[in-house]
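Structure, as structure tokens:
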């Protein structure tokens, strides 16, 4: 049976955080270049092109998602 490689010294938390942090920023930059963000004509929030706005729930001038229903559902407390 082959032996597994074992690190000689403990890796510091800051070192591993820096490594994964830089990976995250690289991925986010790539994604932001691929995703086309536009301003919502209704509320002005940033939204992905050709999708429903998550702030107001409208797409191409029509109300698609009922945001008020979701808010009522969350705020209702059953006694």
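Before moving on, here are some points about what is shown:
- Meets criteria (modelled with pLDDT of 85 or more and not in a helix (DSSP H, G or I)) for residue 15: no
- Search result, residues across segment 47-79 that are exposed (fewer than 12 other Cβ atoms within 10 Å of the Cβ), modelled with pLDDT of 85 or more and not in a loop (DSSP other than H, G, I, E, B): 62
The values are calculated or read from the model by the stated rules, or taken from the named source; none is laboratory data. Please read these numbers as outputs of a predicted model, since none were measured by experiment. Cβ coordinates were reconstructed from backbone atoms using ideal geometry, including for glycine residues, and neighbour counts include every protein chain displayed.
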